[in-house]
């Protein structure tokens, strides 16, 4: 007999969003539930209408079969915009992997007479449910739970067999076309729970900034009509709350009383209320009780309540009446071993890390996240843009106005709102992502505005009608990657009508996020600009075994550290699982590596979001500023650190003044600045004074820095009489500690921004990666040797001049390079040389300790640093230019016996020391292909191009480009 669920072919019916599925609600049923997670019997069918038969394997729930051995015939696949198959919506391909999950469940005998519900946390992408062979229901939306009433299907005290069939490709896939890995499976927990026949069907909490609390309850009874005399009560942190009789009276007068749906309200005004915001996330415990007519409790719902208001006034988004900056990041549900399945501990670690690096907001790109994430955002203090599971990127224009998808749009948006409406962290609803703009969006927006008028709506696609258009379904202008000059121009135009908060504004692919400081300088100085969300949190690298190309799966725990995969493994990206259609490393675009190791950009962001700022004050003190919105500085402690150019570092305790948000104060220096010592920098090391929910006491929050004294201008020392400099027949310096002499370098291993932005293609066209050096002349004048050389590319010739002058203990190298007009935007201009093996420690005075570049250096304070050479390199998933340090004044490379070299630069320069030549990095697709060299490859750059974000967004600013013309630099090399 044909299965009635399969007969519907729901995987190709966009009008069918569900069948037999219960309405979404905000009542948490995890307490007292029967968990059904664990190993399930599993079969992977080639298509949803293929027969179930043959041997069963095992698959772990929650999990995706694409990451488990049971899914060996269907591996992860990554596409960005393109669908992974050619069929047009709503069709799906004939080859359509379908997972069949089956297990027994023992229904407790004490559940007799109760309402019994099955909850499937999430299934990708169409779920069909059978119990004991009987069809129970259908659900779509890969990122929201589906519940089914099993009261008339199972028998308490007996064992039943539940079968969950998950169809991977469907009409729904066309509106789940997000920039992420394609998986298949049951990605969140499955559980069985029971309630009284009289139960809370939904609870809506409205807790306002002024302490007004309103709790609306919807009540049902599975036996039919509601019993006379039921009522609700509650308590808030032990304070008893009674049912609002005035609400009952008005309902009766308006004839809004029903026999089968009950409505009741608990209302109270809380005096001296502690309000919720991202800086001080104050929460109250609310318990709502549903009583039978005899007063006994039939059902309970528990919530954590935050009192806060969100509104838009003019062109400002206000939280509790304050204009707040949105320092946000986009976040996917991701784990390198389990794919889309993320544990509570993983989610907490994500949000803790974001808080420590100054973020105060997340956008749930591009679907509702696990319910636990919102609990954590409430607790830890993060603003949330909650986004519906809608992205039709490949077919956006067609679907936005397709009436067949109308129900799906409204269903997905409304169910998200119904589930998450009680979370104070959720301040904005989003209608989805990159799905054009059409009537389907307007329909969904209309439902939200009616159901929840307390929050604004946003949708990036509406920006196509103009950032100021008042008639679109977006209360916020939220474009993607708009150049900052355009944002400023809009804010100054007099035409702005809405807050401008970019939903994506800085793309973190590889070595990226250049000009982040420029963005925030403009945002903080321009009324009407309020921030944005970096794309994105994760590098979505999947841990892969090199031997067989399979995901390492759950067994891979511990096989990575500090962003690096263990030997025999690598971080896989698009195309690494043999998929013919993919978008390569574009999946690796996060501010953290796949193991949550911080990339250097996070330190940049931390300083740009610093709650404490400092600047000089009339050469005798400093000005401290509190850049928070709601909090004083009493939760912070500080120490001052004075770094002098002569190598001294002085430290001491610093007392932070009592400053309210937005206030500044001038304070004297807590020390006497030494008259000697040269260049001087003051750093304020600001830490948590006590334990916070997201950081133990002593966690560094920021390290603002100010220069107290500039470096003195010094003339080069005289040549050392009687000493000579050796060069070979090619005019190359001969030095006992160098294995490759310093030569001109204009090329860097292209970053992802260089490649995808078309910049590296231009460089290759010019021949910068294959320059041919020819000696023009070698001239000896006294102790100085002058070498003229030409570096020929395919589009021009660079004239390079080196002067080698012996000085005490070494050689001074004075260089110039004349770039022809054709080379108007090169990667770098500088010197590159290689050292003998054994020089394994780098010590430097400059910016650090982490990687920095000309347009991403705010988060790297000037100081004295030391690191092993092998720790200087940043392991971006696709090897590229990395490991540079900006503003280096001098450095030493030494061996364990303290021998080595010392380099002094004429002025602060960009320096990198790694084990790889640029051509080594350029040729490699993954880090397991790299073979480190025994010596060090050292770059000293007179100028280095900024990083920008051109892989998806604006390139670097013109001031960070390396132009044609003459570049000059000098440096001194000495042996230790």
- Message: Taking the Cα centroid of segment 57-130 and of segment 849-865, what is the distance between the two, rounded to the nearest whole Å?
- Response: 46
- Dividing the alpha-carbon Rg of segment 103-169 by 2.2 N^0.38 Å yields what? 1.14
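Would you please classify the overall shape of segment 824-890 from the alpha carbon gyration tensor, given that a ≥ b ≥ c denote the square roots of the eigenvalues, rounded means a/c under 1.5, and beyond that prolate means a/b larger than b/c while oblate covers the rest?
Values: a/c = 1.35, a/b = 1.10, b/c = 1.22.
Verdict is rounded for segment 824-890.
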- Item | Relative packing of peptides 213-219, 509-515, 47-53, 734-740 - highest average C-beta neighbours within 10 Å first | 509-515, 213-219, 734-740, 47-53
- Only bridges with both residues in the chain count here: give the DSSP antiparallel percent, nearest 5. 90
- Mind pulling the angle between the C-alpha long axis of helix 439-451 and the longest principal axis of the chain? Nearest 10 degrees, somewhere in 0 to 90. 70
- Roughly speaking, what is the centre-to-centre gap between segment 14-42 and segment 627-679 when only Cα atoms are used, to the nearest Å? 54
- Item | From the C-alpha gyration tensor of segment 4-195, square roots of 5λ in Å | 28, 17, 15
- Under Stokes-Einstein, segment 408-524 at 10 °C and 1.306 mPa s, with its Kirkwood radius over C-alpha pairs, diffuses with a coefficient in µm²/s of 103
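Taking a ≥ b ≥ c as the square roots of the eigenvalues of the Cα gyration tensor of segment 503-579, is the shape rounded (a/c under 1.5), prolate (a/b larger than b/c) or oblate? Before the final figure, lay out each step's value.
On the way: a/c = 3.70, a/b = 3.03, b/c = 1.22.
Prolate shape, in that a/c is at least 1.5 and a/b is the bigger ratio.
Only counting other Cβ atoms within 10 Å, I'd like 40, 535 sorted with the fewest neighbours first.
The fewest-first ordering by Cβ neighbours comes to 40, 535.
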- Message: If I take the Cα coordinates of segment 611-703 and project them onto the principal axes, what are the three extents in Å, biggest first?
- Response: 43, 27, 15
- Task: Only bridges with both residues in segment 220-337 count here: give the DSSP antiparallel percent, nearest 5.
- Result: 95
- How many angstrom separate the Cα center of segment 455-481 from the Cα center of segment 326-392? 23
- Query: Just the projected area, averaged over all directions, of the convex hull on the alpha carbon atoms of the chain: how many nm²?
  - Reply: 43.4
- Note on the structure: When 916, 367 are arranged by how many other beta-carbons sit within 10 Å of their Cβ, fewest first, they go 916, 367
- Message: Show me the ranking of peptides 845-857, 814-826 by mean Cβ neighbours inside 10 Å, starting with the highest.
- Response: 845-857, 814-826
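Give the order of 67, 480 when sorted by the count of other beta carbons within 10 angstrom, beginning with the fewest. Present the calculation step by step, with values, prior to reporting the outcome.
Values: 67 30, 480 19.
Going from least to most buried by this count: 480, 67.
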- So what does the Cα-only Debye profile of segment 818-976 read at q = 0.14 Å⁻¹, as log10 I(q)/I(0), no solvent term? -0.72
- Message: Along its three principal axes, how long is segment 494-545 when you only count alpha carbons? Whole Å, largest extent first please.
- Response: 57, 20, 12
- Message: Need one number: % antiparallel among DSSP beta bridges in segment 457-580, to the nearest 5.
- Response: 60
- Item | Ellipsoid semi-axes in whole angstrom, largest first, where each is sqrt(5λ) of the Cα gyration tensor of segment 541-587 | 19, 12, 8
- Message: Between helix 516-525 and the chain, what is the angle of the helix's C-alpha long axis to the longest principal axis, kept within 0 to 90° and rounded to the nearest 10?
- Response: 70
- Task: For segment 112-268, divide the Cα radius of gyration by the Kirkwood radius and give the resulting Rg/Rh value with two decimals.
- Result: 1.07
- One point scatterer per Cα, no solvent, Debye formula: log10 I(q)/I(0) for segment 279-413 at q = 0.12 Å⁻¹ comes out as -0.69
- Using eta = 1.002 mPa s and T = 20 °C, Stokes-Einstein with Kirkwood Rh from Cα pairs puts D for segment 210-305, in µm² s⁻¹, at 147
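Which order do peptides 323-329, 482-488 fall in by mean Cβ count within 10 Å, highest first? Spell out each step's value before the answer.
Working: 323-329: 22.9, 482-488: 17.4.
Averaged packing, sorted descending, gives the order 323-329, 482-488.
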- In degrees rounded to 10, the 0-90 angle between helix 344-356 Cα long axis and the longest Cα principal axis of the chain is 50
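When the Kirkwood hydrodynamic radius is evaluated over all pairs of different C-alpha atoms of segment 574-625, what value in angstrom, to one decimal, is obtained?
Values: mean 1/r = 0.0674 Å⁻¹.
About 14.8 Å for segment 574-625.
Since every read-out is calculated from the coordinates, none of them should be taken as a lab result. As the structure is a prediction and not an experimental result, all values here were calculated from the model. Here Cβ is always computed from backbone atoms with ideal geometry, including for glycine, and neighbour counts include all displayed protein chains.
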